[in-house]
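Reading through the structure tokens given below for one structure.
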Ligand SMILES: [Zn+2]
């Protein structure tokens, strides 16, 4: 009797280990889902965006050397040039190919260099949906830096990430008609001479102006539940802080998603414990979201920016507030870090997925 009991006691851990080993993914998956659900009742599974075949596909699209979505955008994109038109057509055609409604918002503004035409691209999965979550980035490049500047982090990669997100989430979005995803590619973010409130964010100012007057089809200020603006993404070791007081809840959610994905080993280990810091910056950063913020839109600004309070830390990384390649000719394909790109692309997709799910459940 004693002998049988001993054998069983010895065998039990071995059997249990074998069970855990063979079932670890499902087991861990359910444990995490269970914990997440307890902490956050609406948190649901997001594994569909993270499996290994997705990873290969995303790498194929966002690789700086061969990426089918990034490579075509790694050209000079100065306003009113042929290359700028090529970039715009590439973005518009990619989204039209997915069946999205694409509208080019075109407007003129008097600038220090005379009257210029700016063209924002607005792509919508379900134009008729009342509520929208808007994801955005700017597609022009800084004209002061000349035609050899391709702005990889500023903002070719953020634009390519939005296209990749549209491809990855297109099927999922098919029956999500209550809250539609809308992508905005702003034109004329860059200053034509030197940055000031009147020499910058031309496209965004024009779009906000016309939207306020109800002149833009399928783009109404009151329909925007959240505007997410991506800028300066792709450099290694990014640093994000909460920059807008009103979207503390959304920022916290992003931090929670990052923590969950890291705990599950679903992000590449690049030596960073967290990208999205538990910190609210004293200063915000001027960017395309400003005219919308002024109209009362909720904004989440995702920009690799180290606030002045952390300048010592920034210097230890060999940079200042923005990544070291920012507004230099080094902001080219070599500036893009593949691990950071994957991690950010997943974080943003899961954030959008989670946001849409929660809204649709209410
Ligand atoms: Zn720039």
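Read-outs: derived from the displayed coordinates by stated rules, not from any lab. Keep in mind the model is a prediction, meaning the values are calculated, not measured. Neighbour counts are summed over all protein chains in view; Cβ atoms, including those assigned to glycine, are modelled from backbone coordinates with ideal geometry.
Summary of values
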item: Pairs of Cα atoms farther than 26 Å apart, region 156-270, %; result: 33 percent
item: Gyration tensor over alpha-carbon atoms, region 42-361, equivalent ellipsoid semi-axes in Å; result: 26, 24, 20
item: Ranking of 139, 355 by count of other Cβ atoms within 10 Å, fewest first; result: 355, 139
item: Contour excess over end-to-end distance, with Cα ends at residue 214 and residue 109 and 0.36 nm allotted per residue; result: 36.0 nm
item: Cα centroid separation, region 80-153 to region 203-267 (Å); result: 17 Å
item: Theoretical gain in end-to-end length, residue 83 to residue 329 [0.36 nm per residue, Cα-Cα removed]; result: 86.8 nm
item: Chain lengthening between residue 270 and residue 199 when straightened (0.36 nm per residue, less Cα-Cα); result: 21.8 nm
item: Sorted peptide list for 120-128, 92-100, 344-352, 156-164, criterion being average Cβ within 10 angstrom, highest first; result: 156-164, 344-352, 120-128, 92-100
item: √(5λ) per eigenvalue of the Cα gyration tensor, region 217-362, largest first, Å; result: 25, 20, 15
